[in-house]
Each structure stands twice: as C-alpha cells, then as structure tokens.
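Structure first, then comments.
Nothing in this text is a laboratory measurement; each read-out follows from the coordinates by a stated rule. Just so it is clear, the structure is predicted and the values come from calculations on it, not from any experiment. Counting neighbours? That spans all protein chains shown, and the Cβs are built from the backbone with ideal geometry, glycine included.
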Number of protein chains: 2
Amino acid sequence: MQFHHHGYVSTDPRIKPAAGVGIDRPAELPDEVDVLIVGSGPAGMLTAAQMAQFPSITTALVERRDGRLVIGQADGIQARSVETFQAFGFAERIIQEAYRITEMCFWKPDPENPDHIVRTARTPDDPTGISEFPHLIVNQARVLDYYAEAAAHGPARLKPNYGWEFQTLEVTNEGDYPVKVTLTDEDGNERIISAKYVLGADGARSRVRDSIGAQHVGGVSYHAWGVMDVLANTDFPDVRTKCAIQSKHGSILHIPREGGYLFRMYVDLGEVAADDAGAVRKTPLDTIIAKANEIITPYSLDVKDVAWWSVYEVGHRVTDRFDDVPVEQAGERMPHVFIAGDACHTHSAKAGQGMNVSMQDGFNLGWKLAHVLEGRSPESLLSTYTAERQVIAQNLIDFDREWSSMMAAKSEELESPTALEEFYVKTIEFPAGFMTEYPESLIVGNNKHQDLAKGFTLGKRFKSVIVNRVCDGNPKHLGHLHQADGRWRIYAFGDKDSTKLHEFGEWLGTNPESPVLAHRKDGEDINALFDVKAIYQTPYDEVDITKAPAIFKPENGPFGLVNLENVFAADVEESIFDIRELSKDGVVVVVRPDQYVAHVLPLDATDELAAFFKPIFTV
Amino acid sequence: MQFHHHGYVSTDPRIKPAAGVGIDRPAELPDEVDVLIVGSGPAGMLTAAQMAQFPSITTALVERRDGRLVIGQADGIQARSVETFQAFGFAERIIQEAYRITEMCFWKPDPENPDHIVRTARTPDDPTGISEFPHLIVNQARVLDYYAEAAAHGPARLKPNYGWEFQTLEVTNEGDYPVKVTLTDEDGNERIISAKYVLGADGARSRVRDSIGAQHVGGVSYHAWGVMDVLANTDFPDVRTKCAIQSKHGSILHIPREGGYLFRMYVDLGEVAADDAGAVRKTPLDTIIAKANEIITPYSLDVKDVAWWSVYEVGHRVTDRFDDVPVEQAGERMPHVFIAGDACHTHSAKAGQGMNVSMQDGFNLGWKLAHVLEGRSPESLLSTYTAERQVIAQNLIDFDREWSSMMAAKSEELESPTALEEFYVKTIEFPAGFMTEYPESLIVGNNKHQDLAKGFTLGKRFKSVIVNRVCDGNPKHLGHLHQADGRWRIYAFGDKDSTKLHEFGEWLGTNPESPVLAHRKDGEDINALFDVKAIYQTPYDEVDITKAPAIFKPENGPFGLVNLENVFAADVEESIFDIRELSKDGVVVVVRPDQYVAHVLPLDATDELAAFFKPIFTV
Ligand SMILES: Cc1cc2nc3c(=O)[nH]c(=O)nc-3n(C[C@H](O)[C@H](O)[C@H](O)COP(=O)(O)OP(=O)(O)OC[C@H]3O[C@@H](n4cnc5c(N)ncnc54)[C@H](O)[C@@H]3O)c2cc1C
Ligand SMILES: Cc1cc2nc3c(=O)[nH]c(=O)nc-3n(C[C@H](O)[C@H](O)[C@H](O)COP(=O)(O)OP(=O)(O)OC[C@H]3O[C@@H](n4cnc5c(N)ncnc54)[C@H](O)[C@@H]3O)c2cc1C
C-alpha cells in the first residue's frame, strides 16, 4: 500500500483522500451523471467501487431496496473473486470472517443398505494449486458491504442511492447525456435522470434488459430447490464440510457457513411440471426440513433456528446481447446501455457461480467506462464488453446445466458411480473462476510471442508469483500489487545481464513512441496510466537499484518523490522465471486493468508494443 | 471467528453485540466506575480494549488530549505485539498498511576513506523464525486507532473520554469505590470520579505515579537524539531498509516507514552536559538535517517535507513498584492503583521497545482486573502484576542501555568491528518481545512436568503451530484462536490411541473437581471461562469426531448449539508433537488469558490440575 507521498496521512490509508467530484459530494441523486448503475447486487456494487476510483467521473447507483441487503442469496466465493477482493483492498478481512472450503465430501446410498447414506469420497478443493487464494463461503450481504465501503472510500466518494426503482430508459443519441432514465421513489414519484452510460445490474428480472429490447433466451426445463440457512445440532459427521449428498430420497448440496455454526442446505425438490404455475414455491419450510432429514438418514437434524430460507426454480438463460446495440448494428453504433450479472445470465446456484461471474462482468466493464469517460480511449472500447462477456456467460450456463443435472440425478442414472466427483475434480478451474480466456481483440494482443512467457497465457488472468522487492528485500506477490485502480501494468522481466532490460527501460521512459509518454495526459504523473515494474533475474541483494532506468523508479505526487517499490528480483529458490516459464532473454508482459494478460512481447519489440496501444488510446 | 450462534449476524461480525453496561451506554464520564484508565497511549488503549470485552465491568478511559493522537511517537512493532494485535482481531489489517522489516543493514566508515560510509553487513531480521508474525513499522497513532476500534466494538462499548486531565487521587479504603480521583476538564473545572481500580497509563511524566508515591529511579546520564519523519529523495541505496549507520560524524538509526516513501531518522546529537538545562531541545530542524547529511556522506538527502520531528533526551529509569502498595506492605494490603507503560519504565527509542513493552503491561493487567471484578478471583491476583512486570521493565532498561550506548559509540570504541551486528543477532529474542518468562507463582505452575512439552516453556508465551481442524480439515494456527477474551485455554494433546485423552476429557466435562465445572458461574456457558481444545495424534481424517468427549464439543448460546471447532489433529508432515517436543503419551498445556503458558501436566494429573486452579478462583 502506498501513501504519505502527497503528505502525511494520519488516519486509515485505505480511505483515499476525496478528489474531484468526491469533494463535498452531496448525498442526493444528481440530475445528470456520467454513469448510472441500476441495482446494488454484486455486479452493480463492484462497478460502483471501481468507478469511485476516478475523481473526474460522476457515477450514481440506484437501488430499489430501502437499504443494504440483510440476508440471503449467494454465498460461494470462488478464488478468482477473492483475488478480485484483493484488488479492491478487502481480501484479508473477508477471508478472516468467511468459512474456507478445503475439501468436499461425497455421500451416496450405502450399497449394503440403500436407505442409508455413506461417505464415498473426500476430495481436496484445489488439488492443483490453481490459486493462492482460498475458496470461501460468506454471505452476499457482506460482500456487498465491503464493496460499498470501497466505493465510499474511493476518491469520488460514491454511496448507493437506496429507494429508487428503475422504470424505463430511452437512448436519445442527443446531447452529452443521451440516456434518459425514468426512476420512481418510494412514494411512486417519477424522476428523470440523464446519463452518458447506464449499467443494468438489476438481476434476473432486469427491466433495463427489457428496455433495450434484449432477449433472455434459454431452456424451459425448471428444477426446484429449497434452500435454508440453518442453526442445528446433528450427528451427521460432515456437517462442517461441503458435501454433495445423493440418496434414494433425493439430493442435497450441503454448505457450511461462516461463523462455525450456520450451514446451508440446498434440498432437491425435483423437476417442476409445466403446469405447476408456481405451486412449488409454496412448499413450506417444514417439508424442506423433513425432506432433508429423510435424505441424510441414518443421521438427523435437530433444527434450532432458520436464519433464511427460500424455494426457487431455475432455468438456464443467456441474454442475446449485453448492450443496447442490436446485433445487426454492431460496430456501427456505439453502446450506451449495458447489462451485467443475472440480467444477462441466470442458472442454478449449485455451482456457486452467480455472484462470482456477475462481479467479473462488472470488473470487465468498469475500467473501460473509465477510459472512455476520462477521454483516454475511443468509444469502441466499450464494444469489447459484450464481445468478451457473452461467451463467458454461455460457458457458465453450459457448465451449470451439466453440474446441476448431475447433482439432481440419482446415483444409478449417472454414467459411473464416481462420475460426480470426477467431473468436480476435472473441471475445477471453471468453478474457481480461472477458465476465462479472452480471445485476440483490440485489448488482447496476438500470441506470436506467447512462448516467451508460457505461464502467462494471453487473455487469462495474470497468475501471481512471489518475487523480492529490491529496495527492502520484502517478498511480495507481484500480482497482488495490481490494485483495481484502472491502470495498465507493464512487467519487464529482465535478461541475464539486464542489458536489454535497461535498454527497454530507457526506451520506455524517454522515447516519444513509448506508450507511457505517448498516452500521458498533460500534467499527470508518469505512472497515472501505466504502472511499470522491472523484475531482474539477478538475486535482489545483487541488483544495484541506483542503476535501474528512471521509468522503473517514477517520481510521484506534489513532491516528486521517487517510488523505489517497482524494482523486483526473482527469488533464487522459487524463481518466477522458472515457475511461469519465462524466457531468460527477458520478456514484456502487459496486463489489463482487470488483471487479464493483454500482451507478451520480447524486450526489444518496442514497435509492436507501441502499435498495440495506439488504437486503444486517443490521447 | 465464531458467530451466528446467538442468532444470525448480518453486519460485521467483529462488532460484538452490545451487552451489559454496553447497552445504550452514555458517552459522558460516569461518577463511579469499576476501572478508570488514565492516558490513551498504547498501555491505556490496550487495557481499554481488553476491559471492553467484559459486559459487567464499567471502565472509563480519560485522556488529556482533546482527541486521537495524530502523529509522532513510536513506530517499531515487534512480533509479539503483532501477535497481540491478532488476539485483538486487527493483525491482518495493520500488517497490510505497515512497513515490514525483513532485514537490517549496517553501515560503517569506509576503511579506505573514513569520511565515507560503506555497507558492512546485511542481517536477516528473524533468522531463527522466532515468530510467524512479522516485525513491523507503523505509526503509534494507527496502533491506537485499532485498539480504540476494538474497545468501541467490544460488548461494553468503551470510548475514550478526551479532554480530561488527571490531577491527583486518594485511596480511601472506604466503600465500593475506594479510589477518589480528581480530574479537570479543558476549562480547568474539577471533577471527582470514584473508582474501584485506577490504572495510570499516563506516560513518562506520570502524575498517577507521583500520587501513589512511587519512585522513578535510574541513571542520570542523558543522551540527545533528533528524530524526524521525512519525505526525501536520496541516492542512499538502503533508504527503504532499516539501517544502523555509524560514521566519523556520529550515528543514525534509519527506519523506513509505512506507505513506501516516508522514513524516520534518529540522529545522534551526543551526550548532554549536566548543565545543559534543556538547551539541546532547542536544536533546530535544519541542524538535524545537516547532521544527517554529514553522517551519510558520500550520499545525501534532498528533504521535500518533514511530517514530524522532535529532539529528546533519554535517561534510563524504572519505577520501584507498579502499584500503590508500599514494598514493606506487599502482601498485606491489596493494590487499587496501578501504573503501566512509560509511567513505569523510560528509556531510549533505539531498540523500538517503548510501545511494545507498554502494551504487554496492559495485557498482563487487564484479565486480572476482569477476573477480580467479575467475582471469579481473589484480589491477591492483582499483586502478581507488579511481581511479573517489574522484572521485565528492569530487563528492558538493561538491554536498552547496552544497545543504545553501542549505537551511539564510534566504531573504534566497540569491542570488535562487528560487535553491533553480533549483539543484534544474538539478542534477537529480546527485541522481538519473546524473552519474557514469568517465574512460578499463583498463576504459573511448577515445572515438574516441563519435559512433557519442551516447546511450551512455562511462563513464556504459547508459541503457535498449525494443526488441522477435524470437522472441516482446515489448517489453523492453534495459538491464533486464542483471542483476548479473558478466557483460559486448556489444550489436551492426545496419547497414541486417545484412551487417556478421552479419559481426561470425560473427567474434565463431568467430574465436580474439574476446574471447568468447579469454577463455573451459575447459568453461564460451559466454555465461558475455559476454552478447552483437544489435539489428536491421529491424522484429522481418521479422527471420529462423534466419539470425542462432550467437553471438547461444548454447547453454546441460547440454542445450545454444539461447537465442533475445538477438535484438532496434528498435521502428518509438520506435527505439533514433533515441533514442540510433546510427549506421545499426551500432555495438558494450560495457557493464561494473556497467552502465557501457565502449566504443563500429564493427562492423568487431574488432581494437580484441579489444585492449580483452586487458589486462583474463589467461585
Ligand atoms: C433469493 C435468491 C437466492 C439466491 N441464492 C443463490 C445461491 O444460493 N447461490 C448462488 O450462487 N446464487 C444465488 N442467487 C443468485 C445470486 O445471488 C446472483 O447470481 C447474484 O446476486 C447476481 O448478482 P447481480 O448483481 O447480477 O444481481 P442481484 O444480486 O440480483 O442484484 C440485483 C439488484 O437490483 C435491484 N433491482 C432489481 N430491479 C430493480 C429496479 N427496477 N430498480 C432498482 N433496483 C432494482 C435488486 O433489488 C437487487 O439489489 C440467488 C438469488 C436470489 C434472488
Ligand atoms: C514525543 C515522543 C516521541 C517518542 N518516540 C519514540 C520512538 O520513536 N520509538 C519508541 O519506541 N518510543 C518512542 N516514544 C516512546 C513511546 O511512544 C512510549 O514508550 C509509549 O508511547 C509508551 O506508551 P504509554 O501508553 O505508556 O504512554 P504514552 O504513549 O506516553 O501515553 C500516555 C498518555 O497519557 C496522557 N496523559 C499524560 N498525562 C495525563 C494526565 N495527567 N491526564 C490525562 N492524560 C494524561 C498523554 O496525553 C498520553 O496520551 C516517544 C514518546 C514521545 C512522547
């Protein structure tokens, strides 16, 4: 964490000084905003937290509810989400209060006595070390609290405006604020807000989606589940372990919750008949508890308190486009309205994906909006949002359909008795959130030089490794220094004797073609848009930091203080060069503001580097 | 972190529900309090955070300043303090914002050119792995903020009362609130507060100390230092590393500070003449900066901003007693007034000890006050405070005197050219805060069975090891589960086949002689005073948790929910039995509420266990 360089900070350094629109920002909803976010779920809140980092952008978030979410909804947090929390500064805290999944148990009917269940497998949750972050369970309400805090503590000081319901919108294509949005307050009074951009993060029944004429398409088969957050005593020995339980009487997905006592059970209520007309949703709590007891026989639950419960049916649907530009006009018109999260994709809760994918939608969009609104990038950057995220949504639906139908199937219906746990282990990268691989585009380079950095796959998220900071010998997870500040990262991994590294550094810091100089706005700090880091092959105590090119030690803030914390060296024993298979001749790895690898280039491919950034930036 | 067992907690689980005196607690200072703390430095604030955990105890903290400390004072946080922060729930957060010391560099005059300094050594900060916690640098103001938060979020909802100055006190030995304390507000208006106990944590010039007639005794030699927190650019290559710099022109202790830019320099201003009469304190900032530049030649500092600076002289003094009972009356009269922190011991800042030792004073006293005030323990427990802490203070002074005179010495005056770094490495346990070893007393048992647990030295702090939680397979640092909640810990380490472990568990949970039952107050949870944990030798996935005796799975809270999180197993590869040299026949380790090992006993020494606790508790 860097601070004090604009003068001494006495209080919590996580609370950034208010700047720009954040200074004395009024609490009321303004008439005109750059970005209007509808909905304070995970997608909307992450986007709000992201937008709050930009002091020149006015963002407002409206939410129908009269206050924060109190209870219920999603609770499974995949490692990629924890990685994202880290970028927003609250991973440590949420880990501390969450339940951590380290393994999953599988229960099946006992072959000797099929009325009873027995444990048939215990599988580690992340056997291949896909991430240094844990897989957590914690209530959605807390996740939203942390994003709300990040939004409130960002320089733009953003707080949700509760009690406003989105009704409809019109894209006028006129004036600076072309989207006219109609809201109503708690008393039904209408209000029109004008916005440059609107994000519909208003959930599965999205009215923003409807208002842009997007279609929510997908299967018609519905399956019903009872879900309950329970305080109970039980003799079921795995009550504090995540379990998939399949029995003669149906199945349960069992999830221990944060705090050591609470747990959640998703109890299978079966396929819903086409003419059910919502009858299943009237299933009483007692029936769900009785069903759960039946499924876990010979064990039983003594329920003391039910914190929250619900019955819901799920289909699998994806929206045909994630913005207001009809497919046939793609590329011609530029989008002004976007949808994210459940508004784009709905599916079961079984794979614990809903909240997670929704957040990544927001993370993908936020920095793009900021680049355009800060006047750095052309509007066409915004078209990459639909292009990138729609595929992900489709993958999600496909995965979820397979997993949830396997979960609901009886043992004997599955291909093999171990089909469920095999599928779980085989596909682990997906539910952990790391399968996303954006294809080549305006913001993902070609893979000509991928071999120079085999471990940093283009289009996938930058997977962190610990390196040593030269100035103080501190071991640091390189990727964790990548905060959600809207900046691009350029990692310059050195060659053996650092000759090419230093040449690259000189070019980057002095040549007018260098993206760092070419796309710098007048008067801004040299590292305002690009955070450039050098990683030497030499052990850290042999690197002479005084010799490192100036671009690796940028001057900052009002005092022009030198930042010495961007110069690193590979660890002697666990070298990032070995772990990520980096060329010993050095390599440049470019990472997008949302942590995805954008380019891999040799140290001397300065022309290619310059050319990559040219279309991304207008300044 | 355990929560939800008293019903669903939707908001931050670190904020404990208000209880007892904390419910609708008024902000004003009451006329009568159980405990009055004077001074909101590290000693006072820790004690406040501790007392706030007890809903039946009314504690108030008065502070002369009109608000929180803003800047300055101590910044070196030893590992033991971070361990203590962990017990108060904020270690992760403060680590995140602090500077972490991983090594220390030593600079000396260059033998070839004695006008210049050269680096002569680079030593790792904790070469022997004395603690899993880091050694940090962070401003005292932030440490106090975190304690203030812990106090405000404790069930008793304690907030400092700023703007009250302590004048004097009188111990009347009359009534329920025998100590009459005279305070003045900002306008000089007097007010008398009656207290059961008073803690003077009012710093080096303590008036509480004076009012109980204690003597601050010690050496008369004074040494002056200029200290400055600086934002500067420099070519000194170790500016981000802790350094001891000795030059022809004097010496500097150089400390990088949190946030990546700021650093602190302690610049030696030499011995103070007996007739100086404070003249040295008038040394201007420019002189200190010039002196610093001279010392670091051939490097130089380009100072951009000075956040804080001060000139101070230090002597070495210890107070003859830490409570109001004159030495000749010790044991006859019970203490009602205590002093802690700088009020008891003053010394140089060179070894970074002041804040740290002060906090441990408070940690030692807090739970004892709570035990007595909750009616659990006899007042004689309070006499152990002076007995235990005075020795520590003397050790501190001795250590500090040696270290600071070595620091101030010229190279050629030292025994050998490497004397300074050798002393630093040799004595590392001391400045890390782990040398404390309380002797046998009312609350530290005899060492007859020490051999059964060689790695848990009686009277030293319980050094944590990772074990596996049986109910969910989560690896957990056993010691980190020991929160500052005033409870004793009983760790029952199992024998090979767990026979004796289960016998011990049965006895502990059912025999009327068991301390858990004998000292339980009517109606309170079975784990209100004792947190009992079992650690099996068997791998965690082979332990049948359903067979563990009930005392290891206590029922909790209004619903009588079973707590499954107290049953552990040694890790197969890194077994706590091997690492701490525990007997394979099992062993019981008792740990005090302030994390010091109180007793080591065989699993079958139930009589000895019962006998140990009898004099500690009156209930
Ligand atoms: C009752 C329930 C239970 C669920 N359980 C699980 C689960 O167990 N596991 C799991 O993985 N997923 C679960 N989900 C799904 C998961 O919560 C979603 O995938 C995730 O919340 C999607 O995030 P989002 O931001 O897209 O939308 P949401 O979290 O749905 O947020 C949408 C927000 O928009 C607001 N809103 C809606 N319409 C308007 C409007 N017109 N004007 C203003 N505001 C509006 C809503 O009040 C809401 O706050 C559940 C969802 C629900 C509703
Ligand atoms: C200017 C200064 C610089 C220091 N620099 C360093 C350093 O660099 N490194 C280091 O290790 N240590 C340093 N110290 C020492 C370190 O800060 C102390 O060891 C530590 O703060 C002791 O904690 P404490 O709680 O005992 O007392 P303090 O932190 O001194 O707190 C005492 C509190 O009591 C209040 N108080 C005093 N008298 C009264 C009264 N009559 N009524 C009400 N309130 C009262 C004071 O305002 C103060 O808040 C410094 C101390 C000072 C004063």
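Quick look at the values:
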item	result
In segment A:316-413, GluC sites (Glu not before Pro) in a DSSP loop with at most 13 other beta-carbon atoms within 10 Å	A:E332
Nearby lysines by direct alpha-carbon distance to A:K614 (threshold 19 angstrom, same-chain neighbours under 8 apart not counted)	A:K368, A:K448, A:K521
For chain A, projected area of the alpha-carbon convex hull averaged over all directions, nm²	29.2
Inter-label distance for A:R333 and B:E506, nm, one decimal - labels placed 7 Å from Cα along Cα-to-Cβ	8.0
Prolate/oblate/rounded label for the protein assembly as shown (Cα gyration tensor, a/c 1.5)	oblate
Amide H within-cut-off set for B:R461, under 5 Å, with H built and near neighbours excluded	B:V597
Computed E for B:A277/B:R205 - FRET, C-beta separation, R0 22 angstrom, nearest 0.05	0.80
Sites A:A518 and A:D497 - FRET efficiency at Förster radius 41 Å, r taken between beta-carbons, to 0.05	0.90
Normalised alpha carbon radius of gyration of segment B:1-112 [divisor 2.2 N^0.38 Å]	1.48
Amide proton proximity set for A:K304, modelled H, under 5 Å, gap of 5+	A:L231, A:A232, A:N233
Residue order, fewest to most surrounding Cβ atoms within 10 angstrom, among B:S310, A:S251, A:S498, A:S81	B:S310, A:S498, A:S251, A:S81
More than 21 angstrom apart: percent of Cα pairs within segment B:291-397	50
Estimated 222 nm signal from helices in the protein assembly as shown, with DSSP H stretches of n ≥ 4 weighted -39500 (n - 2.57), rounded to 500	-7000 deg cm²/dmol
C-alpha long axis of helix B:383-408 to longest principal axis of chain B, angle in °	30
Extension reserve of the A:E32-A:D176 stretch, reckoned as 0.36 nm per residue once the Cα distance is removed	50.9 nm
Cα-projected label distance for A:Q96 with A:N113, points at 7 Å along beta-carbon direction, nm	4.6
Label point 7 Å beyond Cα along the C-beta direction, distances from B:D66 to other copies (nm, shortest first)	4.0
Cβ-vector label at 7 Å, A:D110, separations to other copies in nm	8.1
Segment A:84-90 - phi-based ³J(HN,Hα) in whole Hz, Karplus 6.51/-1.76/1.60, Gly and Pro as x	5, 4, 4, 5, 9, x, 10
Fewest-first ranking of A:W488, B:W507, using other Cβ atoms within 10 Å as the exposure measure	B:W507, A:W488
Residue exposure sequence - A:V306, A:V591, B:V198 - by fewest surrounding Cβ within 10 Å	A:V306, A:V591, B:V198
Calculated FRET value between A:H6 and B:R191, using beta carbons and R₀ = 41 Å, to 0.05	0.45
Cα-based helix-to-principal-axis angle, B:499-510 vs chain B, degrees rounded to 10	80
Cα long-axis angle, helix A:140-153 against chain A (0 to 90 degrees, to the nearest 10)	20
Relative contact order (%) - segment B:329-413, alpha-carbon pairs under 8 angstrom, separation at least six	38
Hydrodynamic radius by Kirkwood, which averages 1/r over all alpha carbon pairs of segment A:291-351, in angstrom	15.9
Label 7 Å beyond Cα on the Cβ vector: B:A550 copy-to-copy distances, nm	7.6
Mean separation of Cα contacts under 8 Å (6+ apart) over length of segment B:372-468, as relative contact order %	20
Gain in span if fully extended, A:S416 to A:I579, counting 0.36 nm per residue against the direct Cα distance	55.1 nm
Chain A, rotation onto B, residue closest to that axis via Cβ, with its distance in Å	A:E92, 2
Segment A:535-550 - phi-based ³J(HN,Hα) in whole Hz, Karplus 6.51/-1.76/1.60, Gly and Pro as x	10, 7, 7, 5, x, 4, 7, 10, 7, 8, 5, 5, 8, 5, x, 4
Rounded to whole Hz, the Karplus (6.51, -1.76, 1.60) HN-Hα couplings of segment B:322-338, x for glycine and proline	9, 9, 8, 8, x, 3, 6, 9, 3, x, 7, 9, 9, x, 10, 10, 10
Enclosed volume per residue, in Å³, of the convex hull spanned by Cα atoms of segment B:119-220	247
